[in-house]
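The structure appears right after this line, and notes come after that.
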Amino acid sequence: MANHCKSKEKIANEAIKRALRSLRKRHLNEEGAHDAAFASLSRPIVSQGSEWKEKAESLQVELQQCYKAQSRVSEQLVVEIAESRTLKALVQEKETAVADLQKELTEARDECMQLKKDLEDKIKSLELILSENAELKTQLEQMTIRAKNAETENKTLVDRMMLEKMKDAEQLNEANQLYDDMIKQLKASGLEKLARQQIDGIVRRSEEGANIFLESNIPSTCKHRLQAHEGGCASILFQCNSNKLITGGQDRTVKVWDTDSGSLISNLYGCLGSVLDLTITNDNRSVIAASSSNNLYVWDVNSGRVHHTLTGHTDKVCAVDVSKVSSRHVISAAYDRTIKVWDLLKGYCINTIIFHSNCNALCFSTDGQTIFSGHVDGNLRLWDIKTGKLLSEVAAHSLAVTSISLSRNGNVVLTSGRDNSHNLFDVRSLEVSGTLKAAGNRVASNWSRSCISPDDKNVAAGSSDGSIYVWSASKGDIVSTLKEHTSSILCCAWSGLGRPLASADKNGVVCIWT
């Protein structure tokens, strides 16, 4: 095809050349013919010279116009030949493009056929899945019916269990009444010292040694440095009248330590979230943990097993405390803007207090009738445990309250806030009796816990720089600064025996100070 096009182009070029030669030849012939005519006419016709001269000039002009027209025709012919060549090249490109498009069309048809085949396979698979889904739906309906039946049976069993618990509670109340009567008889018979050793499950020290155990020392030395938990350790506390320390961390474990030797005594497992706060009953039998899993967990310390899982909160539980009068009532605060009162004997919530500001910390009064709560809005509030009514409210801090601690005599409550101040309130008047601050003291989190010494003379609080500051509660000046931690302090706790002091940080390290 290419050779054919070249031959056509060659023939056209030759034809153009012949036409140009013939035009030149014709032009020369005509010019010679006219020259002879002019010469012949100029000689005989002298009389009519001007008239013929004008005609000759006119013919000369017409001849020039003919030459110009001929030149234009030649140029137009050359342009048309060039355009013809361009059109031929464009036609060749179009033919090549058409061939490529035909090839792509063939490939697209093949791909379309493959896709159609794949679609048919998918449709068959979908029909199979729909069939299986229908079968699963039928099975789900059957399982739903079974689940409803099981739920009905479970409700019946729960009702029976609650009835049995109520019966057990009545029997326990009768036993407590008999116990109280026995205590009265023992007192009447002169055995007051023996009766004082067990009242409401609280193990008490003898009056002769009480001052020795309540006298607190100002710590200065780190006795033990324990890698207690993986991640932060948000809560620590001592067992009542004991040097055993209980810690809870982000690794979802609760651990019991011997602070004398620094050794681990036991682990309490079963918590499904980070431990944010801890408390222990006065008889040291049960440990209660507030968790980020929205639940509270109650362990039996001796067996290490979870005795209760208290459910009801809808957000993380950040604070918990147990009554100082008995080991029955527990209070908890969560970020669902509720404070709940629990009965451990019954195992469920008996009262709920709802408030617009989340509660970060709380504690019982010494008589067990009032709840102290510290909130995100910086206020300290007092609640009646029986009615759930707000008894009093005071602006404790300019930012969120992070900690609440009650003095041993119950007359002073310590609050700590994100404004990096620690205030001592007189419980009776709710007036500030002292404010403790330090230049380098920075409260690390919304749940940073401070503490009061058992003799109510000193206050300890941790800082975000890893330091622990100890103030004199009466004078308000710093009596000791402890440095051993390398990360922010989350909590401090003082042993009820007066020593030691314990602290925990965001890396899970616990330090024992003497």
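Can you compute 3J(HN,Hα) from phi for each residue in segment 479-491, using the Karplus curve 6.51 cos²θ - 1.76 cosθ + 1.60 with θ = phi - 60°, rounded to whole Hz and x for Gly and Pro?
Working through the residues one at a time gives 9, 6, 10, 9, 10, 8, 6, 10, 9, 4, 7, 9, 7 Hz.
Whole Å is fine, so just give me how far the alpha carbon centre of segment 304-369 lies from that of segment 106-170.
So the separation of the two Cα centres works out to 38 Å.
Under a plain spin-label model, where a point goes 7 Å from the Cα along Cα-to-Cβ, how far apart in nm are residue 164 and residue 88?
With each label point 7 Å from Cα toward Cβ, the separation is 10.8 nm.
Based on the Cβ-Cβ distance from residue 184 to residue 354, what FRET efficiency comes out when R0 is 35 Å, to the nearest 0.05? Before the final figure, lay out the partial values.
Details: r = 41 Å, r/R0 = 1.18.
The formula returns an efficiency of 0.25 here.
Amide H of residue 479 versus every other amide H placed in the peptide plane: which residues, excluding those fewer than 5 positions away on the same chain, fall under 5 Å?
470, 471, 472
If amide H atoms are built 1.01 Å from N in the plane of the peptide, which residues on other chains or at least 5 residues away come under 5 Å of the amide H of residue 455?
216
Given +1 on the Cβ of Lys and Arg, -1 on the Cβ of Asp and Glu, and no further charges, what dipole in debye does segment 222-513 carry about its Cα centre, rounded to the nearest 20? Present the calculation step by step, with values, prior to reporting the outcome.
Values: 27 positive and 24 negative charges, 38 e Å.
My answer is approximately 180 debye.
Give the residue list of trypsin sites (Lys or Arg not before Pro) in segment 443-510 that are DSSP loop and have at most 11 other beta-carbon atoms within 10 angstrom.
On the way: sites: 449, 457, 475, 483, 506; in loops: 457, 475, 506.
Hits after loop and neighbour filter: 475.
Give, in nm to one decimal, the length gained when the segment between residue 15 and residue 377 is fully stretched (0.36 nm per residue of separation minus the Cα-Cα distance).
On the way: separation 362, 0.36 × 362 = 130.32 nm, distance 10.46 nm.
119.9 nm is the gain from fully extending residue 15 to residue 377.
With every protein chain present, what accessible area does residue 485 have (1.4 Å probe, heavy atoms only), rounded to the nearest 10 Å²?
Number for this one is 20 Å².
At 1.4 Å probe size, with every protein chain present, just tell me what the per residue accessible area of segment 371-514 comes to in Å². Working shown, then result.
On the way: 5080 Å² over 144 residues.
About 35 Å² of surface per residue is accessible.
Charges at C-beta only: +1 for Lys and Arg, -1 for Asp and Glu. How large is the resulting dipole of the chain about its Cα centre, in Debye rounded to 20? Each step should come with its number before you reach the end.
Details: 63 positive and 64 negative charges, 199 e Å.
Approximately 960 debye in magnitude.
Would you calculate the separation in nanometres between label points at residue 156 and residue 66, each defined as 7 Å from the Cα along the Cα-to-beta-carbon direction?
Those two pseudo-labels are separated by 13.0 nm.
Take the Cβ-Cβ distance between residue 480 and residue 225 as r, set R0 to 22 Å, and report the resulting FRET efficiency rounded to the nearest 0.05. Could the numbers behind the result be given before it?
On the way: r = 18 Å, r/R0 = 0.80.
With a Förster radius of 22 Å, E is 0.80.
Just to check I understand the Karplus step: with θ = phi - 60° and J = 6.51 cos²θ - 1.76 cosθ + 1.60, what whole-Hz values come out for segment 279-286, glycine and proline as x?
For segment 279-286, the Karplus-derived couplings read 8, 9, 5, 5, 8, 6, 8, 10 Hz, x marking Gly and Pro.
So for segment 222-513, averaging the separation of alpha carbon pairs under 8 Å that are six or more residues apart and normalising by length, what relative contact order in percent results? Walk me through the numbers before you get to the answer.
Numbers: 924 pairs, mean separation 43.6, N = 292.
Relative contact order comes out at 15 percent.
May I ask which of 223/475; 346/386; 475/506; 316/483 have a Cα-Cα span longer than 20 Å here?
223/475; 475/506; 316/483
Can you tell me what the convex hull of the Cα atoms of the chain projects to on average, as an area in nm²? Before the final figure, lay out the partial values.
Details: hull surface 227.5 nm².
Seen from a random direction, the Cα hull of the chain projects 56.9 nm² on average.
List every residue whose amide H lies under 5 Å from the amide H of residue 307, counting only residues 5 or more places away in sequence or on a different chain, with H placed 1.01 Å from N in the peptide plane.
Here 298, 299, 300 satisfy the definition.
Measure off 7 Å from each Cα along the Cα-to-Cβ vector at residue 133 and residue 264, then give the distance between these two points in nanometres to one decimal.
5.0 nm
So how do 102-112, 372-382 stack up, highest first, on mean other-Cβ count within 10 Å?
Values: 102-112: 10.1, 372-382: 21.4.
Per-residue Cβ counts within 10 Å, averaged per peptide and sorted highest first, yield 372-382, 102-112.
In whole Hz, what ³J(HN,Hα) sequence does segment 390-395 give by Karplus (6.51, -1.76, 1.60; θ = phi - 60°), x for Gly and Pro?
For segment 390-395, the Karplus curve yields 6, 8, 7, 8, 9, 6 Hz.
Subtract the Cα-Cα distance of residue 303 and residue 105 from 0.36 nm times their separation in residues, and report this length gain in nm to one decimal.
Working: separation 198, 0.36 × 198 = 71.28 nm, distance 7.93 nm.
Gain on extension, residue 303 to residue 105, equals 63.4 nm.
On the accessible surface of segment 222-513, probed at 1.4 Å, how many percent belong to carbon and sulfur atoms?
On the way: 4720 of 10550 Å².
It is 45 percent, rounded to a whole number.
The values are calculated or read from the model by the stated rules, or taken from the named source; none is laboratory data. Keep in mind that this is a model prediction, so the values were computed, not measured. All Cβ positions, even for glycine, are placed from backbone atoms using ideal geometry, and neighbour counts span all protein chains on display. Areas reflect the complete protein model, heavy atoms only, side chains present, ligands, DNA and RNA absent. Shrake-Rupley method; radii C 1.70, N 1.55, O 1.52, S 1.80 Å.
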